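Beneath this line is the structure, given in structure tokens, with notes to follow.
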């Protein structure tokens, strides 16, 4: 039996980060991974989808941007096998990097399945057999998996989750996406660029409902429509029938049953935490009805030596939240007084254009009791760099409190995912609009839109025409 | 061989001291353990000894300079041995162990499995945690009675805390065997509320640590982080999971690094008023809290720290600056200032005054003079008053106590360490006689004389000024009829004794006789001690003073 101070279960962006931090802090640490190091994020999630999105983006540029710029190329050909292989090479590089980091920090890696025996013991089952690990502390980073809906069980060949969609062997002709959330939209957008005819069935009235700023998702919806992606709202997928190589999908729309045909069905209706693994019960930890492990603000479960991080412990299911928790929990185990203590967890959606947000939506700010909000947008169309990149769709929207303290930033547009970090820092630092407006942003860059949006929210941006928000009081006249 | 003598640690939290004077000069030959300098710190003036013998080569500081701990203060030429610079052990106090942090030391708690979990046995349902800082609740009513069959998650009782009334569910099903409390009882978190006989089903029961009593109560407070519930087995002491709520739900403005600093200092940033732009809590705002925290942290060993006191620091300026002299507030004076401010801030003081006929006491003391002289000491009134005080606080234990504000507990002390205020050229110093109840009047006299002398000479050890359980101030030896002293926090009372005065009295027979009277005051912490209790205390105490023979009754 091997003994450890900490055993981390799961090596996604929560688990591997936690393990490295534990090891850095001098704890004897092990990590257990049943599939590939790096988890969903590096292998079948964030990273491979970004590779495919990048490939599709350049293809789209070649086809639709180059002619206007005066570059003539013959019609591009897609070697899809090579594209997928390249995507895989990206993942392998990242996963290999994780492996090196873990080894370099002297984390003991177990490739196998974890069976929980007690709050201090885990049995690892691998090709080498079974082994019991004894540990003082446990960090559960079991992650999540795509939700399956009845009638559309995944075979990951034709009826696919994001995992299967990222690993197709050919570009399908027609694809139906069930669920217009961020994963569905990201994959649908790039598939359309690669040439697939895409229909999205969405149960709600709008895309990214409740997730993104409505103004932002509207820009994406418009561009999707322009690119030829069909979105059917208020549609509920019911059944599918396979005839030959073709699927007929039945969905309910306004009380009526409608059908449509496709070669592939992508189901992206959300993800569920992996809190339903049977042996977890042996730990004595509390798990709620949705499968989330119940934790406190330190991510500690009711068993005080067991922590849960990442998708397993609650929304939002985002890799960067998991990593932050991983570092935090390692420090807590080491005795540092910490809790999950951030003002905002930013979110990014790699649609075309990208959406990124930090802080509160207008509705959230109002619900928290802020009054007389200051809200304004600055469009990318008024930014020199955006115009020169042919990426003028979108804007930066800022929401500030009455005293000009920045509450929320919502960006839709080019490089929104990279621009948002400035907003995160500003919100965490408690910045006011003036702090952003008075910081010199280099020209010509997309980043200037942050400065200009702050100016716009204060009522006096330079590069858009604004009605003055407040008329200056007239100068007092002398009284005789 | 040259040897660098470094300033040793001078006590807990003491990082520097002022050089009062050198006791040696270059060229002097010193022996190991010989004192070489007098250093004044916040707490006391101490003599620093050298650890090596040799001839002093160089003194590195001048009197009046402030020296950091670990700085080289002098070099000496040793007669032999290797070059080595060592830090002598502290002359006054051993460096104290690092104060415990709120963190979780890297030693996992023992999560023992409660034996109650055995299949088909008896299950004890404990009162789970009811919310942050809530340690008990009043049982409003039972929702079940013995013999009832209950299902898991069924509410079994209504408990009222000072935050809300909550229904407490059971985590297991079974038949109610016994209710351990009555409606109206105050139940501590983790107490067994009721017992159930569970009906078999070993799988459910075996679930292991903590799950037994982990019944989630109704949400007490919406923004409250979900905290680990009760956890029947785990030892809460080792893994205190109390922490201040995250800032995500509050409107507090502070940078991430400031928030982290606050957490490391165990300060709830949500409760700190920010002085920065738009109400930002700045790093300085947090550090200011530290100042007030450290007052108590550096206080007597029994002191309890309270994290959130910040005193205003008004400046002073006038147009008479030319006719004014400014002197740094430091050393013992600074310490006195901090302690007094702290005590006055925390304790609601009240003082009761009375006079007593001490004619017999005076005679009693006179009669002992010779005995004392033979024993090589002299007896003052103080040791006699101490004996009367100890006898009285045995009768009224709340006078020998402290309030732990943080834990919301009263600490009754079963030992008697008497502090007595001593007037010294440097200011007020309170030496402490440890275990005063175990010492004879003669022993007390000797110790009082010794401590007083060394207090005047600035030679007290830090330990000798710590740990009093109650204090006596004898301002009467200087003058004054009555005073209203300040309690030496975390003590809860201070006894004042004043001048003895002659008084003529008319007896019932019409004769004029001479009597001796003395005034006493008892100042008490009104949080713990009611006025009537203090009055009874003073009466009982004065009874002993008036008839010193009564002290015989307390002998054992």
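Coordinate-derived values only; no laboratory data. As the structure is a prediction and not an experimental result, all values here were calculated from the model. Positions of Cβ are generated from backbone atoms using ideal geometry, with glycine treated the same way; all protein chains shown enter the neighbour counts.
Averaging 1/r over each pair of different alpha-carbon atoms in region B:355-404 and inverting the result gives 12.8 Å, the Kirkwood hydrodynamic radius. Three semi-axes describe the equivalent ellipsoid of region A:260-302; taken as square roots of 5 times the Cα gyration tensor eigenvalues and ordered largest first, they are 33, 13, 7 Å.
Over the C-alpha trace of region A:24-73, radius of gyration and Dmax come out as 19.9, 60 angstrom.
In summary, region B:1-56 shows an alpha-carbon radius of gyration equal to 1.15 times the 2.2 N^0.38 Å reference for compact globular proteins.
Place the peptides A:375-388, A:172-185, A:303-316 in order of packing, highest mean first, counting for every residue the other Cβ atoms within 10 Å and averaging per peptide. Don't skip to the end; give the middle numbers.
Working: A:375-388: 19.4, A:172-185: 23.2, A:303-316: 26.0.
Sorting A:375-388, A:172-185, A:303-316 by mean packing, highest first, produces A:303-316, A:172-185, A:375-388.
Rg/Rh for region B:478-545 stands at 1.10; both radii use Cα atoms, and Rh follows the Kirkwood definition. The alpha carbons of region B:325-391 stretch over 50, 31, 24 Å along the principal axes, in descending order. In this simple spin-label model, placing a label point 7 Å from the Cα along the Cα-to-Cβ direction at both residue B:511 and residue A:290 gives a separation of 9.5 nm.
Within region A:273-329, the ratio Rg/Rh, alpha carbon atoms throughout and Rh by Kirkwood, equals 0.94. Each 10 Å bin from 0 upward holds the following percent of the Cα-Cα pairs of region A:303-435: 12, 34, 31, 18, 5, 1.
Apply the Kirkwood formula to region A:182-323: the hydrodynamic radius equals the inverse of the mean of 1/r over all pairs of different alpha-carbon atoms; give it in Å with one decimal.
Values: mean 1/r = 0.0557 Å⁻¹.
Its Kirkwood hydrodynamic radius stands at 18.0 Å.
Using the rule -39500 (n - 2.57) for each DSSP H run of four or more residues, divided by the residues of the protein assembly as shown, the 222 nm mean residue ellipticity is -7500 deg cm²/dmol.
Express the Stokes-Einstein translational diffusion coefficient of region A:33-116 in µm² s⁻¹, to the nearest whole number, given a Kirkwood radius over alpha-carbon pairs, 25 °C and a viscosity of 0.890 mPa s.
160 µm²/s
Residue by residue along A:429-438, Cβ atoms of other protein chains within 10 Å of the local Cβ number 3 on average.
Size descriptors for region A:387-467, from the alpha-carbon set: Rg then Dmax equal 12.0, 36 Å. With q set to 0.26 Å⁻¹, the log10 of I(q)/I(0) for region A:123-212, from the Debye formula over equal scatterers at the Cα positions, is -1.46.
Normalised radius of gyration (Cα atoms, divided by 2.2 N^0.38 Å) for region B:392-469: 1.22. Using every pair of separate Cα atoms, the Kirkwood estimate puts the hydrodynamic radius of the protein assembly as shown at 35.3 angstrom. Counts of other chain beta carbons within 10 angstrom of each beta carbon in peptide A:335-348 average 5. Where Rh denotes the Kirkwood radius from the mean inverse Cα pair distance, what is Rg over Rh for region B:430-556? The Rg/Rh ratio comes out at 1.01.
Here the convex hull built on the C-alpha positions of region B:137-198 has a volume of 70 cubic angstrom per residue. Projected onto its three principal axes, the C-alpha set of chain A covers 94, 68, 48 Å, listed from the longest axis down.
Where Rh is the Kirkwood radius over the Cα pairs of region A:35-194, the temperature 4 °C and the viscosity 1.567 mPa s, what D in µm²/s does Stokes-Einstein return? Stokes-Einstein gives a translational diffusion coefficient of 69 µm²/s.
With no solvent and one equal point scatterer placed on each C-alpha of region B:446-498, evaluate the Debye formula and give log10 I(q)/I(0) for q = 0.16 Å⁻¹, two decimals. Debye intensities relative to I(0), on a log10 scale: -0.59. Averaging the sequence gap over all C-alpha pairs within less than 8 Å and six or more residues apart, then dividing by the number of residues, gives chain A a relative contact order of 14 percent.
Within a 10 angstrom radius of each residue's Cβ in A:277-290, how many Cβ atoms of other chains show up on average? Whole number is fine. Mind dumping the intermediate values first?
Working: counts 0, 0, 0, 0, 6, 3, 5, 14, 7, 8, 0, 1, 0, 0.
For peptide A:277-290, the averaged partner shielding equals 3.
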